[in-house]
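Q: Pasting a structure below so you can have a look.
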Amino acid sequence: MDLAGPKIVDLQIEELLGPLNEFEQKHAPERVQAAGRLELLRERPRVAILGSRKASSDGLQRARKLASILVQHRVVVVSGLALGIDTAAHTETIRLGGDTVAVLGTPLDQVNPPSNRALQECICREHLAVSQFFVGDTMQKHNFVLRNRTMALIADASVIVEAGEGSGSLSHGWEALRLGRPLFLMRSLIDQKELTWPAEMLDYGARILANEEDLLSKLAPKRIRFVDHVPF
């Protein structure tokens, strides 16, 4: 990425998110780098949309539909800039004039996947990108697990749209549950009998997402204006 573009700032995590409790501090990075509008993490509720990189057409459609509902309610959409569900969530939010936060598994001067270069540059300029990996660091596979923990910390609630048994999204889901943050699973996941992880997460407090009120009611109620229910 062109470092002459959006300004990259170095922050302590509590400068970005405010004071953290002992559970939040456990897996939180001490410092992060960010480019874009820091106010997106300070003014409105935030929901993470996440899921498979190799998403089905139905999964992509569900991610876009959820993003559009969140935009209607002025909720900031958080995702990880990966292929598939993440890209659909970011791009639909931007297309509809909403605000999005990308939590990266790479330093801000690197792009993964390369096909999302233009999207990452747009988010750094007009929205917000955050990384716990600093400019000049080497990208490593384990970074994306750490990124998922940080994304769960940044989001007020999370929704897994589509994910297989080995999906990296599961590390985000378990971290959200550990933090006591609302975690929702699309109902279509429950119908996939070959998957064992949805039942396990439901046992630990995850919820099935039936309609938008299920999710919006868990956010700051004074900031949300409810419209007619939209089933998923």
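Q: Just one of VAL161, VAL145 is on the phi < 0 side of the Ramachandran plot and not in a helix (DSSP H, G or I); which is it?
A: Numbers: VAL145 fails: not in a helix (DSSP H, G or I).
After ruling out the rest, the residue left standing is VAL161.
Q: Which of the residues that make up region 164-189 are part of a helix (DSSP H, G or I), small (Gly, Ala, Ser) and either more than 12 Å from the chain's Cα centre (by Cα) or surrounded by fewer than 22 Cβ atoms within 10 Å (Cβ to Cβ) (or both)?
A: Step one: of region 164-189, the residues part of a helix (DSSP H, G or I) are 169-179, 187-189.
Next cut, small (Gly, Ala, Ser) only: 169, 171, 173, 176, 188.
Correct list: SER171, SER188.
Q: Further question on the same structure: If we keep just the residues of region 78-131 that are farther than 22 Å from LEU183 by Cα and touching a Lys or Arg at 6+ places or on another chain (Cβ under 7 Å), which is surrounded by the fewest Cβ atoms within 10 Å (Cβ to Cβ)?
A: Checking each candidate, the answer is VAL111.
Q: If you check SER115, SER158, which single one turns out to be of a type in the set (Ser, Thr, Tyr), under 22 Å from ARG64 (Cα atoms) and either at pLDDT below 95 or touching a Leu at 6+ places or on another chain (Cβ under 6 Å) (or both)? Working first, answer last.
A: On the way: SER115 fails: either at pLDDT below 95 or touching a Leu at 6+ places or on another chain (Cβ under 6 Å) (or both).
One residue alone meets the criteria, SER158.
Q: Between GLU30, GLU43, GLU24, which is closer than 28 Å to VAL135 by Cα, in contact (Cβ under 8 Å) with a residue 24 or more places away in the chain and of a type outside the set (Ser, Thr, Tyr)?
A: Numbers: GLU30 fails: in contact (Cβ under 8 Å) with a residue 24 or more places away in the chain; GLU43 fails: in contact (Cβ under 8 Å) with a residue 24 or more places away in the chain.
The unique qualifying residue is GLU24.
Q: Scanning region 1-11 for residues that are of a type outside the set (A, V, I, L, M) and modelled with pLDDT under 95, which turns out surrounded by the fewest Cβ atoms within 10 Å (Cβ to Cβ)? Give the derivation first.
A: Initial filter on region 1-11 (of a type outside the set (A, V, I, L, M)): 2, 5-7, 10.
Subset that is modelled with pLDDT under 95: 2, 5-7.
Working: ASP2: 8, GLY5: 11, PRO6: 21, LYS7: 10.
Ranking the candidates gives ASP2 first.
The values are calculated or read from the model by the stated rules, or taken from the named source; none is laboratory data. In this text, all values refer to a predicted model and were calculated from it rather than measured experimentally. Glycine gets a Cβ as well: all are built from the backbone with ideal geometry, and neighbour counts include every protein chain shown.
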